Structure formats: C-alpha cells, structure tokens
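Novice: Submitted below is the structure of interest, expressed as structure tokens.
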Amino acid sequence: MGSLRAVVAVLTVITALQMTLIAVGNITDYETNHQFVVHVLGMDTTFHSPHLMWRSITSPTLTTIAYLLIIAWEALSALVLIAAAVAWIRSFGGRVATDTARRLSTLGWLMWLVLFAGGFIAVGGEYFQMWQSTKWNGLQSALQNIIIASFALVIANLPRAKDEG
C-alpha cells in the first residue's frame, strides 16, 4: 500500500471529495459566493483607477452567467475526479488499467488549475484587480488550490517502475 500508485489513488479520492464539496457548497449556499463574483467582476472594492474601471462588469445577467459557469466547471471537475477515484479503486482489483485512472486524475487536476490559476488568479486577480480588495480577495484560497492540484499532477506523473502501473 505504500506505492506511488496508492499515493496517487488516495490523493485522487481526497481531491475528488474536496472539489465535490466546493461545487455542492456553491450550489447549496448559492448567494454567498454569488456576491463574491458580483463584487470581483464589479471591481467595486478596488482602487477605482479610471484606467482600469472600464473592465468592470456590473450586469446582473453577466455576473450570474459567470457564476453558473464557475459552478458547472467545478461540478464537471468533481465528476472527472470521482471517475478517477473509482478507476483507481478498480485498478487495485485489476479491473481497470492504471493508465486510465492516471489520465482521469490528470484531467481533473488540470481542470482544477484552469479554474483556480486561470479563472481566479489570472482573470479575477489581475484582470479584475481582485488583489486590490481587502474584502473580496480570493487569491490566497486560489493559491492553496493551485498548490494542491500542481502537487497532485507532479506526483501522478512521476516516472514509475513497470510493475507499478
């Protein structure tokens, strides 16, 4: 059980659970993070530089669409990681090749990076200047998730012995 395969399997199960909880939390407590998206896209707690405020999006329809896309991406990422977790568990019984499980895990963590690095740090943090807000700044949380997904990607894709799968 101390193999690299077991480590990746456990990491997949844990991150599948985390992403599922993130998606379910945004669905069941919709308004909390909807307000986060409204304020980040609206840039209403930034420094209000006239050279940047043209970027703000204050349309309720557009902010709702953005938030629903985030939730959909989280849910899809969770489903991919759940499928990967199942594949890892099945691989221990020899019913599924570890390559399938590894590819699914890699895809799930890549989706995680797209959301947190691309969506929250690049778009939210820089384009919408989220870093300027003392109240609506999710950069630290995004970074935590980027570290988890990056670590998982490196571990899952380390060279392995032929008998390890």
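The values are calculated or read from the model by the stated rules, or taken from the named source; none is laboratory data. Quantities reported herein were computed from a predicted structural model and do not represent experimental measurements. In this analysis, Cβ positions are derived from the backbone assuming ideal geometry, glycine residues included, and neighbour counts consider all displayed protein chains. Remember, those area values only see protein heavy atoms, side chains included, never the ligands or the DNA or RNA. Shrake-Rupley method; radii C 1.70, N 1.55, O 1.52, S 1.80 Å.
Novice: Within the range 99-108, how many residues turn out to be crowded, with 22+ Cβ neighbours inside 10 Å and either closer than 15 Å to residue 158 by Cα or among the polar types (S, T, N, Q) (or both)?
Specialist: 3
Novice: For the range 1-26, give me the residue count where each residue is part of a helix (DSSP H, G or I) and over 15 Å from the mean Cα position of the chain (by Cα). Talk me through it step by step, then tell me what you get.
Specialist: Initial filter on the range 1-26 (part of a helix (DSSP H, G or I)): 4-26.
Add one more test, that the residue is over 15 Å from the mean Cα position of the chain (by Cα), and what stays is 4-10.
Residues flagged as part of a helix (DSSP H, G or I) and over 15 Å from the mean Cα position of the chain (by Cα) within the range 1-26 amount to 7.
Conditions (1) of a type in the set (Asp, Glu); (2) under 20 Å from residue 25 (Cβ atoms); (3) within 15 Å of the chain's Cα centre (by Cα), marked per residue:
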position: 64; (1), (2), (3): no, yes, no
position: 73; (1), (2), (3): no, yes, yes
position: 94; (1), (2), (3): no, no, no
position: 103; (1), (2), (3): no, no, no
position: 122; (1), (2), (3): no, no, yes
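Novice: While we're on this one: Among the residues of the range 36-48, what is the count of those that are out of contact with any Ser or Thr (no Cβ under 8 Å at 6 or more places or on another chain) and either among the acidic types (Asp, Glu) or without any contact (Cβ under 8 Å) to a residue 12 or more places away in the chain (or both)?
Specialist: Start the filter on the range 36-48 by keeping residues that are out of contact with any Ser or Thr (no Cβ under 8 Å at 6 or more places or on another chain), which leaves 36, 47-48.
Restricting the remaining residues to those that are either among the acidic types (Asp, Glu) or without any contact (Cβ under 8 Å) to a residue 12 or more places away in the chain (or both) gives 48.
Going through the range 36-48 one residue at a time, the tally reaches 1.
Novice: Give the number of residues within the range 30-45 that are in a helix (DSSP H, G or I), among the β-branched types (Val, Ile, Thr) and open to solvent by 40 Å² or more (accessible area, probe 1.4 Å).
Specialist: 2
Novice: Which residues, counting only those in the range 1-14, are polar (S, T, N, Q) and buried (at least 19 other Cβ atoms within 10 Å of the Cβ)? Spell out the reasoning first.
Specialist: Within the range 1-14, the subset polar (S, T, N, Q) is 3, 12.
The one that is polar (S, T, N, Q) and buried (at least 19 other Cβ atoms within 10 Å of the Cβ): 12.
Here is a yes/no grid of residues against (1) open to solvent by 20 Å² or more (accessible area, probe 1.4 Å); (2) in contact (Cβ under 8 Å) with a residue 60 or more places away in the chain:
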| residue | (1), (2) |
| --- | --- |
| 16 | no, yes |
| 23 | no, no |
| 28 | yes, no |
| 63 | no, no |
| 79 | yes, no |
| 86 | yes, no |
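Novice: May I pose another question? Mind checking whether some residue in the range 132-146 is over 22 Å from residue 63 (Cβ atoms), open to solvent by less than 70 Å² (accessible area, probe 1.4 Å) and of a type outside the set (Ser, Thr, Tyr)?
Specialist: Within the range 132-146, one or more residues are over 22 Å from residue 63 (Cβ atoms), open to solvent by less than 70 Å² (accessible area, probe 1.4 Å) and of a type outside the set (Ser, Thr, Tyr).
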